[in-house]
Amino acid sequence: MTISGTKFSPLLFGLSLLLSLLISASSNAHINHKDHYSGNDEQRAFKRLSSHQQLQNLLAKIQRYSFRPIQTGPLISNNGNKGLIDIDVALPADLAINYQVCGETNSTPTIRQAVVCSINDGGRGNLDPHNIGWSTQGRELLAIRLGNPNGRRILVITQQHGNEPAGTEAALSITRWLSNGFGSSVQRILQRLDIVILLRANPDGGEPDAQHCSFNPQPGTVISQDCALIRQNVDPQAGGGFTGNSEADFHGIVGRGYDLNRYHHVALDKPIRPVESQAMVATALAFMPEVILDLHGDLQKTDCQLDLSSINPGQILGSLPTVECSTDKRQKDFRLLSPFADAQTGTQQERVAQSLAAKVMKKIDRLFIGSVGRFSQVQLGAGNIGSGATGSYQLIGAVAGGWETVNFSTDLRADVVAIVAGQPQIGVNPGLPEPRLLNRQIWINRIALYHALDTLASFEVTPPTDTGDFCDYPLAQGLRANLPEEYWGINATSNEVLIPIEPSIGVPLYISGNCPDNPL
């Protein structure tokens, strides 16, 4: 959310919140979708978002006008730049991670050295330790730190995927409120939590400067601009080009960039290729958060029971299979928010994670029309889509929480994801939702983030003991999307279709639990 330089008014914030909730309450549960953006819609969506330069200016103003101690600016301390996190310290001594990552037998490397040494994969990725804290295209990763330095450590990450921007704009608003707001909840949060917010972890892929960036670039082309508003970071060297040399655990798009949320290898046992992911791993190892809130906004998913007999498999490259919902009407296929919570089973961290997810879901369910559900990570083929994601931080004792707000974009794009047996494989990469729905996403993220922080602050006094109102919702069985003619040619669809996630059988190989229609 673009915020002016004037002082924040709690009254205006409250009035705006009330107005938004009234608008939400009067709308239909199922929101109408638009098949394509008009030029004006695209420009309006861009204007709703903050460019990297605007983020820098806004953070400087927030710090200047704050009533409370707050630090804003670069995330990583580099060459005296007053960064918030110092990664030039030794690896923590009590972690079960790969201390020999740099091949040193008699000394412990610094966090900066260790993260860079994890590459060791033939030269791909960032090998320059001075680049950590910067994006691939040279933008500084920006962050905020406020609260009690002795409080529970909370790391908030927004916009790892560049085309999921609502969390960034919501975090800006919450930061301004915490820096100048009053009331018991503000005091409780600031007294009990030590908060670091990484604002737009993917500054290249998330750059919404409409005058200089390519929106929705054509698939299969190498990106030459320094920003594109895409899911991945912007790295034209990703994958080594259209050849058969794509590496194992490949999570990028050829000629475009890498999925940052597949390289959080906090154990330092696998290559952390994108420089932005290196910064997030280094931050986690230095800050040692107790809770990580990772804010996303993925494609609209469906949790309806799939009718397996209706699957129409894709016959040619570039064509996706389609499926129908079964006649079982007990489950809905519409979600506004899908919290996820990962921690080691049976631990206090798991109780915190599940209780937090349940409390956030309840709050959103009361305030917005539509339903919410727990996001279950699913296994696709031989790999889990959570592999290398922020859930990996439970290895260092952190609760991995967060949520997906529904991205209502209905265009499904055919992007080259990897090379298998010399052939490009097709992936998905949605664009921005239309402006009205983007505003809704930002409001939902704002309320969810506030309520999550307030709940975490309350846990200091009343630890969660009951997870009876939490369950895993088998959310991700399919995607609802249009296949536009400009990307799919003769395989285009004239309206929205349901696409099973696992192409061969149409359902996830694994789902964690089974919940009723409205679990809460």
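The values are calculated or read from the model by the stated rules, or taken from the named source; none is laboratory data. If you're wondering where the values come from, they're calculated on a predicted model, not measured in any experiment. Note: areas computed on protein heavy atoms with side chains; ligands, DNA, RNA excluded. Shrake-Rupley method; radii C 1.70, N 1.55, O 1.52, S 1.80 Å.
Structure values in brief
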{"quantity": "Accessible surface of residue 308 - all protein chains present, 1.4 Å probe, nearest 10 Å²", "calculated": "90"}
{"quantity": "For residue 399, residues with placed amide H under 5 Å, excluding near neighbours", "calculated": "291, 292"}
{"quantity": "Long-range HN-HN contacts of residue 306 with modeled amide H, under 5 Å", "calculated": "326"}
{"quantity": "Mean accessible surface per residue for the stretch 80-213, computed with a 1.4 Å probe while every protein chain stays in place, in Å²", "calculated": "36"}
{"quantity": "In order through the stretch 272-284: 3J(HN,Hα) via Karplus (6.51 cos²θ - 1.76 cosθ + 1.60), integer Hz, x for Gly, Pro", "calculated": "9, 6, x, 4, 5, 5, 4, 5, 5, 5, 4, 4, 5"}
{"quantity": "Residue 163 long-range amide H proximity, modeled H, under 5 Å", "calculated": "230, 231"}
{"quantity": "J(HN,Hα) series, the stretch 181-190, from Karplus relation 6.51 cos²θ - 1.76 cosθ + 1.60, nearest Hz, glycine and proline x", "calculated": "x, 10, x, 5, 5, 4, 4, 5, 4, 6"}
{"quantity": "The stretch 140-150 - phi-based ³J(HN,Hα) in whole Hz, Karplus 6.51/-1.76/1.60, Gly and Pro as x", "calculated": "6, 6, 9, 8, 9, 9, 7, x, 9, x, 9"}
{"quantity": "Area of residue 130 that stays accessible when all protein chains are in place (1.4 Å probe, Å², to 10)", "calculated": "110"}
